[in-house]
Structures are given as structure tokens and as C-alpha cells.
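Peer 1: Okay, here's the structure, questions in a sec.
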Amino acid sequence: MLEPEDLGKRKSDLAQELRRLRRQAGLTGDRLAARAGMSQSKISKIETGKILPSLLDVERLLRALGAEPRVVEELSALARRANTDYQDWKASLRRGLHHKQQELATLEATSSRFRYFLPAMITGLLHTPEYARASLATTRGDHSKAIARRLDRQAVLYEEDKHFTFILTEQALRWPLCRGKAMSVQMGRLSSLSELPNVRIGVIPLRSSPIPEGPLTTFTIYDDALATVEMFTGALLLRDPRDVHYYLELFASFERAALFDGAARGFIANIAEDFRNQS
């Protein structure tokens, strides 16, 4: 799935080191569980690599073990690396464009709350076919299969037990990926989707009140468990609760600055008209 190849090694290294420290301290799993306020079964799964502990879990275990400051620093760094993955786009593309779509579909199937911050372009779940084709124009691979899979994924938007919030900057709406007429149709698609009861589409106008944080990167939050941060060369996958919480707070600040519902649709309609006038 979305994990890079070395995730297993980092997870294994962390598990082995925690097991070694427990044995060095002369503690059984039961005794460590009592000290750390965890279940013995959870500690066993951490030590065997069956589950990946969060940074908070690791800190609790290290306190219970009375680990030296140097060890705490080293194991905390290892835990953060184990909870932060890097997905290389080139490696992903070698496996085929459609495989990336399948990975995203799996994330969407196993999550229920989605938050997207889109400062530069429109994301795949909102694409029209022509916008989807244009977004892949400079990428090598089988475009037809990837586009078909991307459009298939959009069915998830109509599952009412899932909830989506998309926040786009005016820049993302106006980026001329297609010709004017096609961009106008894409604006209509956004307005239509914003009418769904489980989909909120917000827009941050360029002429808005000052916003303290800059729109540096595209990011997505799946439930409260995973944040993905996109770059030109790949994406960071952050699982540590502290990192996810940071992005949740950041998203909330952008959400407060955005227009929603009728105000957003009116703003999008004006941009659609601008694109129609370019045709």
C-alpha cells in the first residue's frame, strides 16, 4: 500500500529495541504493562512488530522502563521515523499510474472523515474527465486506465456515511490546467458536488482577511489517524498523533477563512464566467 519499502525495517528496529530494553530492565510483559498503564497484549504486539506504536506509546514505555535520557532521545527519534513515511512518486509510477489510484481507493474505503487542503490545484475526487486528462498530460504511463480508475473512485462521494471537506484557494480554482470552456465545466462540477449533504467545498478568496499561515503544501487528513503532505517528488505520510493534530489545527484555521455553501457557489460561478469569457 502507501508505505515505502523500508517501513518494515524501521518498525522491526523499534520493536526489537523496546523488547531488548524490557529484558535489560528485568521486567516481564505483565509488569511493564502495569507500570506503563497499557495492556500486556498491546506490549506483546508492539514487541513482535504486529502493531506500530505511536510516539506517545513509546514515551510511556520508556518512562516505565526508566530509560536514560540518551536512550529516550534515540528511541523517540526512531519512533517518529517509523510513524513518518516517504512515498517516492518515481517508484510509484514504475508500478503503474492505476496502482496509485487503487491505493487511494483503499484509503477512502477504510476511512470515514476526509479533509483536503488544496492550495494549487483541484484534487482527483472532484475532477471532470477533461481536467483529469490534463492533470496527467506530463506524466508517463497508461493514462486511460488511470483516469478510469480515478473517476471510479468518485463514487465514494455519494456514500452518505462518509464526510468530506475540501478547502481550495482561489489560486487552485483559477490555475489554467485546461482551456477556458473545460475549466468552466470543472467549476460547474465543484458547485454541483457542494450540494451533496456529506460534501463541503470551501473557497478562500485572494481578497480575504489576513490569514496567519501560508498555503505551503497540499495535504489530506484521513479520519484523525493519517495526514499526507504532497511535494513535487513525493509525499510524506504522518501517523504520529502529534503530527496529525498539527494538521488538524492548521486545517481548522483555513476552514475558518473559507466561504462555504451559497457564498462559495456564487464565488465559483463568477470564476466559471471568467473562464467562459476566455473561450
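The values are calculated or read from the model by the stated rules, or taken from the named source; none is laboratory data. It should be emphasised that the depicted structure is a prediction, and the values quoted were computed from it without experimental measurement. Counting neighbours? That spans all protein chains shown, and the Cβs are built from the backbone with ideal geometry, glycine included. In case anyone asks, the SASA skips ligands and DNA or RNA and just uses the protein heavy atoms, side chains included. Shrake-Rupley method; radii C 1.70, N 1.55, O 1.52, S 1.80 Å.
Peer 1: Just read off the accessible area of Phe260 with the full protein assembly in place, 1.4 Å probe, to the nearest 10 Å².
Peer 2: For Phe260, the solvent-accessible surface is approximately 30 Å².
Peer 1: Here are several values of percent of Cα pairs over 26 Å apart: (1) 51; (2) 44; (3) 40. Which one was derived from the coordinates shown?
Peer 2: (1)
Peer 1: A follow-up question, please. Sorted by accessible area (1.4 Å probe), largest first, how do Tyr86, Tyr246 line up?
Peer 2: Tyr246, Tyr86
Peer 1: Calculated FRET efficiency, Asp161 and Leu248, Cβ-Cβ r, R0 25 Å, to nearest 0.05?
Peer 2: The calculated FRET efficiency here is 0.75.
Peer 1: Additional query: Mind listing the phi-derived Karplus ³J(HN,Hα) values for region 244-254, rounded to whole Hz, using 6.51, -1.76 and 1.60 with θ = phi - 60°, and x for any glycine or proline?
Peer 2: 4, 4, 4, 6, 5, 5, 4, 4, 4, 5, 5
Peer 1: At a probe size of 1.4 Å, how large is the accessible area of His163, to the nearest 10 Å²?
Peer 2: 90 Å²
Peer 1: Where Lys and Arg each count +1 and Asp and Glu each count -1, what net charge lies around Ala227 among other residues with Cβ under 12 Å from its Cβ?
Peer 2: -4
Peer 1: Arrange the peptides 204-212, 32-40, 135-143 so that the one whose residues have, on average, the most other Cβ atoms within 10 Å appears first.
Peer 2: Ranked by mean Cβ neighbours within 10 Å, highest first: 32-40, 135-143, 204-212.
Peer 1: Determine ³J(HN,Hα), in whole Hz, for all residues of region 256-272 in sequence, where each value follows from phi through the Karplus function 6.51 cos²θ - 1.76 cosθ + 1.60 and θ = phi - 60°; x replaces Gly and Pro.
Peer 2: Here the 3J(HN,Hα) series is 5, 8, 8, 8, 10, 6, x, 5, 5, 5, x, 5, 5, 4, 5, 5, 4 Hz.
Peer 1: For region 195-269, which whole-number percentage of the solvent-accessible area (1.4 Å probe, protein heavy atoms only) is attributable to carbon and sulfur atoms?
Peer 2: Percent of accessible area from carbon and sulfur atoms in region 195-269: 59.
Peer 1: Find, to one decimal place in angstroms, the Kirkwood hydrodynamic radius of region 36-90, where the mean of 1/r is taken over every pair of different Cα atoms and then inverted.
Peer 2: 12.2 Å
Peer 1: Considering only the other residues whose Cβ falls under 10 Å of the Cβ of Val72, what net charge follows from Lys and Arg at +1 and Asp and Glu at -1?
Peer 2: Around Val72, the charge tally is -2.
Peer 1: Over the chain, what is the mean sequence separation of C-alpha contacts under 8 Å (at least six apart), divided by residue count, expressed as relative contact order in percent?
Peer 2: So the answer I get is 21 percent.
Peer 1: I would also like to ask the following. May I ask you to compute the full-extension gain from Ser76 to Phe260, defined as 0.36 nm times their residue separation minus their alpha-carbon distance, rounded to one decimal in nm?
Peer 2: Roughly 62.2 nm would be gained on extension.
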